[in-house]
Structures are given as C-alpha cells and as structure tokens.
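Following: one structure in structure tokens, then a few remarks.
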C-alpha cells in the first residue's frame, strides 16, 4: 500500500471497518462504500483474507446480512501490479501497460475467456479496479487488454467506460 496516498474515512466507513473486525477478527485497512453498485469494498490487511472470508464464505454472508449490502474484499499489496492482480482475482492478470496516448494504465489479462469476469456485470469489476487503484496508488486504469497470443500481431483492446 502506498502510504503517501491520503485517504479519508468517514464515520460510516470507520463503523463498517469496526463491524468487520468484530465479526471476523480480521483487519481492513480501507473501506469504500460504492452506492453505484450497492456494495462495500474492503481492502484487507495482507494475511487476513482467509479470516475475513471465513469458512466457505460464512463471514462475507454474515457481513452482507448485517450491512444489507454486497461485500467485496481485496487483499492489500505493496506493489501496484500485485494489488491490481488481487482486485481482478480469479482472472489471471499479466501486468500493466501505460497507454502513451491517454496516460492511463491498461490491464493486461492472459485469457480472452476471462474478459467478461474482468469487466464484471455492468462494469462493476473494472470500476472497482479504477476506484481502488486511484485511491491506493494514484494510478488511473484505462482499458482491459487481452494478452497477445502466439501468432497474433498485437494486443486485443477492449474499451469499457
């Protein structure tokens, strides 16, 4: 996590982090209430993810009942590439590539079949990546790009706004 990025947590976010700690005994280092997709996104301290999720996802279901919103969790990472890979799990991310024309970083995924998962229903996953990467590392996410397969000329670009 980039410690130079300043994040402010409101009362509600702090309350949600405390609720997570009480119910799961895990630590969230950030919390975003995303009203657009009616969800709460937690950034979980490295190593606490299993405890946060719980056996068979029990803790996530418990949190969803308590808060009345969908709960999503991302494990923190010290490097932007690792953090963005965590955001898109289970999709295999091949890396980031800065787009010289827009100045944004494109996310390279390894399999075309994972494109729908990477974007998410209504763009929910790509929007989560944009929010978190901007908030935690000051990186603007552009497009999702499918990694070049042997025998093809260049990356296949997929624009999602």
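The values are calculated or read from the model by the stated rules, or taken from the named source; none is laboratory data. Computed from a predicted structure; not experimentally measured. Backbone-built Cβ (ideal geometry, glycine too); neighbour counts: all protein chains shown.
Would you call residue 135 part of a helix (DSSP H, G or I), loosely packed, with under 14 Cβ neighbours inside 10 Å and either free of Cβ contacts under 8 Å to residues at least 12 places away in the same chain or at negative phi (or both)? It is false that residue 135 is part of a helix (DSSP H, G or I), loosely packed, with under 14 Cβ neighbours inside 10 Å and either free of Cβ contacts under 8 Å to residues at least 12 places away in the same chain or at negative phi (or both).
Checking each residue in segment 64-95 for being within 23 Å of residue 126 (Cα to Cα) and part of a helix (DSSP H, G or I) picks out 64, 80, 81, 82, 83, 84, 85, 86, 87, 88.
Yes or no, residue by residue, for (1) more than 22 Å from residue 141 (Cα to Cα); (2) surrounded by fewer than 20 Cβ atoms within 10 Å (Cβ to Cβ); (3) in the same structural domain as residue 147 (by TED's automatic domain parsing); (4) touching a helix residue (DSSP H, G or I) at 6+ places or on another chain (Cβ under 9 Å):
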{"site": "10", "(1), (2), (3), (4)": "yes, yes, no, no"}
{"site": "23", "(1), (2), (3), (4)": "yes, yes, no, yes"}
{"site": "41", "(1), (2), (3), (4)": "no, no, no, yes"}
{"site": "44", "(1), (2), (3), (4)": "no, no, no, yes"}
{"site": "57", "(1), (2), (3), (4)": "yes, yes, no, no"}
{"site": "83", "(1), (2), (3), (4)": "no, no, yes, yes"}
{"site": "89", "(1), (2), (3), (4)": "no, yes, yes, no"}
{"site": "100", "(1), (2), (3), (4)": "no, yes, yes, no"}
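Based on what the data block shows, is residue 68 assigned by TED's automatic domain parsing to the domain that holds residue 41, surrounded by fewer than 14 Cβ atoms within 10 Å (Cβ to Cβ) and free of Cβ contacts under 8 Å to residues at least 40 places away in the same chain?
Answer is yes for this residue.
Which of (1) at pLDDT 95 or above; (2) in a loop (DSSP other than H, G, I, E, B) is the odd one out, the single condition residue 7 does not satisfy? Of (1) at pLDDT 95 or above; (2) in a loop (DSSP other than H, G, I, E, B), only one is false for residue 7: (1). Does segment 109-116 contain at least one residue that is outside the structural domain of residue 38 (by TED's automatic domain parsing) and surrounded by 19 or more Cβ atoms within 10 Å (Cβ to Cβ)? For segment 109-116, residues outside the structural domain of residue 38 (by TED's automatic domain parsing) and surrounded by 19 or more Cβ atoms within 10 Å (Cβ to Cβ): present.
Only one of the numbered conditions (1) buried (at least 16 other Cβ atoms within 10 Å of the Cβ); (2) farther than 24 Å from residue 13 by Cβ; (3) over 12 Å from the mean Cα position of the chain (by Cα); (4) free of Cβ contacts under 8 Å to residues at least 24 places away in the same chain is violated by residue 95, and that is (1). Number of residues in segment 99-122 that are out of contact with any strand residue (DSSP E or B) (no Cβ under 7 Å at 6 or more places or on another chain), in a helix (DSSP H, G or I) and under 23 Å from residue 44 (Cβ atoms) equals 3.
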